[in-house]
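A.B. asks: Here it is, the structure in full.
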Amino acid sequence: MLRLRLRDHGWDLGEQIGKGSNSNVYKCSRTPGSKVEAPHLTHTSYACKVVDIRGLRLQPNYQYKKQRIHEEVSIMKMTSHGNIIQLLDDFEVQNTVFLIMELFEGEELYDLILRKKRLDEDTARTIFRQVVDAVAYLHSNKIIHRDLKPENILVNPETLQIKLIDFGLSKVISQSMAKTFVGTPEYFAPEIQPHQAESSIPAPAGVPLAPTAYDCAADCWSLGIILYVMLMGNFPSFYNKVASPRSPALPSPDVSRALARHATSDSDMSDAPPEFTAVVAKVWRSLTTPI
């Protein structure tokens, strides 16, 4: 049935190459002799993300999650950057959303780190420069990603080219700041910690609020953690405890964000291990040099 729905739009479904909580990703190709016009599609192979909306119906925040799917499509249509996965076509058939994207041959940055244990400075710099470029592009367009982590960064292990993926939690904040608690615990900033007290800000059913509104700076915290994990091969020590904005185990947000700015060797990184401070200073001093 899935293949027939896709073929009606001029696509043939191939092997499965990925899986999410309510979506699967397949290789796909144009149906030979298809009458569906698509002059902008020039590749032989593509990726197709299939999102089952029906599977969300029994969840208390169904309407919110359905809205998020359509916002993901809208945001991807807004982007055009060499280090961001490109959306080429989209359509919805019988409660199933199909996203046709460029096919990028690579692996998750997370898997690369696991294989290598930790990345050397040159590799980390090459990858991180591209990630920063992609995130800076998003921020210049008032888009906050909200789920930056190695699992959402694809890397070609030969060329070290990267593609930023998964915009399911992204948000346009041109008119307002973000308010909902979303993301991955190891990477989200303190201001995105869930708020247990009552709030005057209405929230979708089943969706907790952050204690305060936040903006693109939250992505910068995540960038700092990603850089740390690449160079050190583990999470910062303050994640050994359950961190909260008022926990003494959690360093100042400025510490991690300093790692995601063009920092100098005298930046305030007092809460980071000395060996990491030295390495990251060297990486940042080289960031403006050609790759």
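What follows draws every value from the coordinates through simple rules; no lab data is involved. From a predicted model like this one, the values you see are computed outputs, not experimental measurements. Every residue, glycine among them, receives a Cβ derived from its backbone with ideal geometry; neighbour counts consider all protein chains shown.
A.B. asks: With charges set only on the Cβ (+1 for Lys and Arg, -1 for Asp and Glu), what does the dipole of region 9-102 come to about its Cα centre, in debye to the nearest 20? Don't skip to the answer; put the middle values down first.
C.D. replies: Values: 11 positive and 10 negative charges, 61 e Å.
Dipole size: approximately 300 debye.
A.B. asks: Next question, about the same structure. Rank by packing, highest mean first: peptides 163-172, 115-124, with packing defined as the count of other Cβ atoms within 10 Å averaged across residues. Show your work: numbers first, answer last.
C.D. replies: Working: 163-172: 20.8, 115-124: 14.3.
Ranking the peptides 163-172, 115-124 by packing returns 163-172, 115-124.
A.B. asks: Now, a different point. In whole Hz, what ³J(HN,Hα) sequence does region 222-230 give by Karplus (6.51, -1.76, 1.60; θ = phi - 60°), x for Gly and Pro?
C.D. replies: 4, 4, x, 5, 4, 4, 4, 5, 4
A.B. asks: Near the amide H of TRP11, under 5 Å away, which other amide H atoms are found, from residues 5 or more places off or on another chain, if H is placed in the peptide plane?
C.D. replies: Placed amide hydrogens put THR31 under 5 Å from TRP11.
A.B. asks: Okay, next question. Out of the GluC sites (Glu not before Pro) in region 42-104, which ones are loop residues according to DSSP with at most 12 other C-beta atoms within 10 Å?
C.D. replies: Working: sites: GLU71, GLU72, GLU92, GLU102; in loops: none.
Answer by residue number: there is no such site.
A.B. asks: Now for a separate question. Would you mind checking which residues have amide H under 5 Å from GLU108's amide H? H placed 1.01 Å from N; only 5 or more apart, or other chain.
C.D. replies: Residues meeting the amide H criterion: VAL155.
A.B. asks: Using per-residue counts of other Cβ atoms within 10 Å, averaged over each peptide, order 144-151, 74-81 from highest down. Could you put the intermediate results ahead of the total?
C.D. replies: Numbers: 144-151: 22.1, 74-81: 15.6.
So the peptides 144-151, 74-81, ranked by packing, come out 144-151, 74-81.
A.B. asks: With respect to the cross-link table entries LYS19/LYS142; LYS142/LYS171; LYS77/LYS171; LYS65/LYS163; LYS77/LYS149, which display a Cα-Cα separation exceeding 18 Å?
C.D. replies: Numbers: LYS19/LYS142 29 Å; LYS142/LYS171 8 Å; LYS77/LYS171 13 Å; LYS65/LYS163 24 Å; LYS77/LYS149 22 Å.
Beyond 18 Å: LYS19/LYS142; LYS65/LYS163; LYS77/LYS149.
A.B. asks: Turning to a different aspect of this structure: With a 10 Å radius around each residue's Cβ, average the other Cβ atoms per peptide and rank 50-57, 132-139, highest first.
C.D. replies: Working: 50-57: 16.2, 132-139: 19.1.
Most protected by this proxy first, the peptides run 132-139, 50-57.
A.B. asks: THR44 versus ALA217, label points 7 Å from Cα toward the beta carbon: distance in nm?
C.D. replies: That separation, rounded to one decimal, is 5.0 nm.
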